[in-house]
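Only the coordinates and a few stated rules stand behind these numbers; no lab work does. For clarity, every value in this text was computed on a predicted model and none was experimentally measured. Heads up, the Cβs are rebuilt from the backbone with ideal geometry, glycines too, and the neighbour counts pull from every protein chain shown.
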């Protein structure tokens, strides 16, 4: 049990740290860095605590029940492969946190930066530790979203915004394919459990949907790991801060794709299709990235394309399959993370201390930055695969696997030659980086005078370079045991142990390495003078680039084609849009029910009493009057609409649904007042509608009447059919019988909302929060139209009208209603579990209390005396609701499982109490905050309108004075 709890903490601790960091002030740089570093260090210590279990070949599992009936349990699983990868992510993360402390500008919002970094770490850990393939997809998509925010952290830069958008679109497209593939795998296997899926390789490969599943799966993996032709998003992401590049593109985001390929190789691999697609795309990416990298002038651009090349190498090894290839792939993942993270950090140091990353402007830095230069040269040599460094060992293993006979096809025969060519270009661009940046004459026109960086920036680089050297010299005692454990976790316990040696004698892989080094050196010498004066990329790729194709497609799909379609079939007016929506709904309803819809011959409806019929007649008259008055007088239409809503409320009360009646009444009050506040900002109604100029008014109204009549009749017939059909199973009886014993409450409606269907309610309040924030954001940009801003004469008339209104509803009485409504809100809240009420009704009542204050006085008067902070209410409400749901996990129950019992209080005695009340408290806070937020957004338009009038008066006064 302790191990399961530690594993859960390991997976969720970064998210908790991210939420905590968001509460820090903007200038809390030191505290944010310490919080992030300690969180990652704690995770690393937890991993070290699992070391003995992992070495024995066991795996650790933690299961949190969520929706067991749908096999949606949040399960975490740690084995040798995920252990090694998680340790790599945490180690690099700690170094990036230290590095960012000195690299980032003091004006940057560092708590937000570290919060995003922790959220991304949590998402990556979720991918590594997920024991359920659907939950894995959730974390997978979360890495895309958070990486979008990290890449675009410097949002004032157009390049950062473009790079973030491109990365999000490409990886999200792949994520959709991955989701579909996981659904198909779950369908084929009959389970979403990762262990069962990995053990069902024969079942998956023999299924007729294998090819479709494989293509969708590889779409997700290739987009995330920047494989050809999806590689172009990664260079664009170099606009991110260098700590982000060092983390995302060395050990985390781009490695998620190759992690997935290696993890699922036993289930989806070992087929000709897998070899051709995965190995073929990997080799193509390896060669393409290496060639383009040689021609890049931007230092981070060179490293980006070299990253693409090395990702292709790992992908190719995953395509080869087999224990030795998987061992080499995992080995190169670790090696690449070490030397590439150090090189990205070095590029950041050079940019930070010289003011440029353009290699054509750099040179001779070994004289002014000797320590940094030596570290960078060693890391670059590891990237090139020179002997006695870690990159040489894994690259030699790659050469050995490329030589191995697989199936005798042309691709198999070409593998050794392609590998040597790519290795030669890797040596060439490594030579170019070293010679161009650190040797030659020292430039005199740099934006900054170069010098050694602070120790906090240099120490992470030194640590990683030391790892490259130590692993390159002593691989057998440093990393070999962990790699063998990770390989057995992927292949199975029968995987043979692989021994890493520095010297294997003179053999084929060694000769391939020598040829690659010699040819690469010649390539650099042959192109050293011409490349600095050429374009960023080989001439053959200059006009045919994936980025250009993507830009053209994005322009077509996101702007030109939608614009053309919009002009032809759509309109910006609301009425035509509603007309299309209603007609589409009617069409689909008729098409789906045609020929199979019937009304029961045994109706269960009783004859309604005359009073009920009279009430509905009044409601129907109000509705028709509202529709008719909408043409002439909006205020009268709103009053009539309120009358129809009141009749609906009385109907609920008549049919013994007091909860619905209370909710309907409160919602009617709020919506009526909000609409009343919003009506004044609508422009005057025009008799002519531009879209319908060709139709006479009578024909247009008759057409709309027929559509409305068809829609209303259809809903009425459907409702009648449902109410008159014979009952087979009455779920209402089950709720009535179990509400008290299972949920601890006698108000069945409230128990359903906060207990039986609490997850639905949780989703609804999340939607409400999104809607409120959207309304607030839109109204912040809204400016009243000229015709809705009153003139001074209209102001006098409005003031006289207000004075008349106050004779009927004195503002003093409205002010006195504030404490009364607060008591009513508390009354609704505390009685909600047993009697009509609840958190929603209480929240709306509390919002009405504020609405009344805004109606009685003005915005400035209210906000000078009452501090509401609705966004914080919404945030705390969502946090309380989420924490209540998570609390059930601690005791091993599904998310949002409620617990009820009686609590003895002094004097009062036995009092019913349930955890659902905490969830209801979150509902109350969020509903109140969301409603008040929309109210504040509308009310503040009065301030803007008043300011507009003041400006107009000032202009008129100046004109008159002139």
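Give the relative contact order (percent, whole number) for the chain; include only Cα pairs under 8 Å separated by 6+ residues.
With pairs under 8 Å counted, the relative contact order is 9 percent.
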At q = 0.10 Å⁻¹, the log10 of I(q)/I(0) for region 270-533 from a Debye sum over equal Cα scatterers comes to -0.49
To the nearest 0.05, the calculated FRET efficiency linking residue 907 and residue 410 through their beta-carbon distance, R0 being 51 Å, is 0.05
Burial-style ranking of 899-912, 608-621, average other-beta-carbon count within 10 Å with highest first, yields 608-621, 899-912
At the level of C-alpha centres, the distance separating region 125-150 and region 16-86, in angstrom, is 13 Å
Note: residue 657 to residue 187 extended length (0.36 nm per residue) minus current alpha-carbon separation gives 165.0 nm
Protection proxy (average C-beta count within 10 Å per residue), highest first, orders 254-264, 749-759, 211-221, 57-67 as 254-264, 749-759, 211-221, 57-67
With the chain reduced to its Cα atoms and the Debye formula applied, log10 I(q)/I(0) at q = 0.07, 0.08 1/Å amounts to -0.76, -0.95
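Provide the FRET efficiency to the nearest 0.05 for the residue 445-residue 470 pair, computing r from the beta carbons and using R0 = 25 Å.
0.05
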Per the 1/(1 + (r/R0)^6) rule, R0 = 22 Å and r from the Cβ atoms of residue 611 and residue 722, FRET efficiency to 0.05 is 0.30
Taking 0.36 nm per residue of separation between residue 592 and residue 23 and subtracting their Cα-Cα distance, the length gained on full extension comes to 199.7 nm
Rounded to one decimal in nm, the spacing of the 7 Å Cα→Cβ label points at residue 498 and residue 58 is 2.7 nm
Nearest 10, in degrees from 0 to 90: the angle of helix 280-294 to the longest Cα principal axis of the chain is 80 degrees
Sorted on mean Cβ neighbours within 10 Å (highest first), peptides 276-285, 703-712 come out as 276-285, 703-712
The exposure ranking of 234, 665, 583, fewest beta-carbon neighbours within 10 Å first, is 583, 665, 234
In nanometres, the difference between 0.36 nm per residue of separation and the alpha-carbon distance of residue 9 and residue 271 is 90.5 nm
The helix 870-890 Cα axis meets the longest alpha-carbon principal axis of the chain at an angle in degrees, between 0 and 90 and rounded to 10, of 70 degrees
So the angle from the long Cα axis of helix 508-527 to the longest Cα principal axis of the chain, reported in degrees to the nearest 10, equals 80 degrees
